[in-house]
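**Student:** Take this structure first; my questions come after.
Nothing in this text is a laboratory measurement; each read-out follows from the coordinates by a stated rule. This structure is a prediction, so every number in the text was calculated from the model and none was measured.
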Amino acid sequence: MVRGRAGDPDRAVELLWRKGGPEPRPGLNLDGIVRAGVGLADAEGLAGLSMRKVAERLGFTTMSLYRHVPGRERLIDLMCDAVAGETVTAATAAGDPAGKGDGWRARLEACAREGWELRRRHPWLAEVRGGRHVPGPNIVARYERMLNAVAGTGLAPAEVVAVAGLVGRFVDSEALLLVEAAEAERRSGVSEQDWWGGRQALFERLYDYPVITRLWREGGFDRPEDPFEFGLARLLDGIELLIQKRYESRDENGGCVVCGTPVERPAAGRPRAYCSPSCRQRAYRGRITGRDRQA
């Protein structure tokens with residue numbers, strides 16, 4: 001029985017990074033419990049997820065589940081990693097499009113879109129909040145691919161980590177808006193569009209605001225930009241500007257275009273762009289030369 005260790009993060013690591021082995025009870029195993037939890041959360045959201053409901057789906061007692069997973073929070077960690085494996089598997093089958101080839105922008109965008117589609121299939125992922133959920137191997141693999149997308153751009157290591165975090169938080173925040181809208185529609189029985197369409201008393205008061213009124217008359221609210229598409233493009237634009245600034249700064253200061261280490265300039269001939277063969281290889285792998293620098 002492992003119920004008493006429900007809050008132990010080390011126990012979560014053991015479960016998430018398990019190497020397999022015989023299950024202690026035929027007919028009930030950890031993978032089956034996780035699949036049932038995912039199905040329940042897909043149907044009812046995290047609010048509808050409980051150990052009791054998962055047990056009922058499987059036809060077992062609640063106590064029998066605790067032989068395999070210590071509690072709801074650890075089950076959520078396992079569920080997150082299980083569905084993250086969907087994109088890891090798809091990326092492997094497609095030759096890992098976000099890992100090699102193309103420019104950094106295309107690879108980072110692919111990672112963001114994978115995360116977005118994953119949250120559209122499993123909206124409850126956006127409800128998993130807080131920074132103390134232990135990641136499993138599939139989540140770490142996705143994070144590795146996102147870091148790898150920008151690791152060869154010349155950004156400082158801390159900036160690479162910050163870029164991955166920024167893009168991940170953007171995807172989560174946009175997905176959470178969809179979850180909240182869907183939940184409001186379930187509770188009220190009224191769609192988002194119909195609810196706002198019935199706010200005539202509010203709209204009549206907006207004529208006192210000249211900019212809102214002008215944009216409305218010019219059609220600014222008729223065909224709104226897709227929030228995810230618009231936000232992702234602007235986010236990538238900003239990252240691209242940062243990368244360009246790093247290149248310009250290193251060109252001026254004579255630093256390695258990969259790591260920024262000062263490079264000795266030869267008295268004659270072509271200036272060196274890299275401080276070492278390893279940085280030259282990193283640049284080649286990251287495709288940050290030639291046309292990819294403009295990607």
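**Student:** Whole angstrom only: what separates the Cα centroid of region 200-240 from the Cα centroid of region 35-85?
**Tutor:** Between the Cα centre of region 200-240 and that of region 35-85, the gap is 40 Å.
**Student:** Additional query: Below 8 Å, C-alpha to C-alpha, sequence gap of six or more: please give me the relative contact order for region 96-189 in percent.
**Tutor:** On the way: 62 pairs, mean separation 37.2, N = 94.
Computed value for region 96-189: 40 percent relative contact order.
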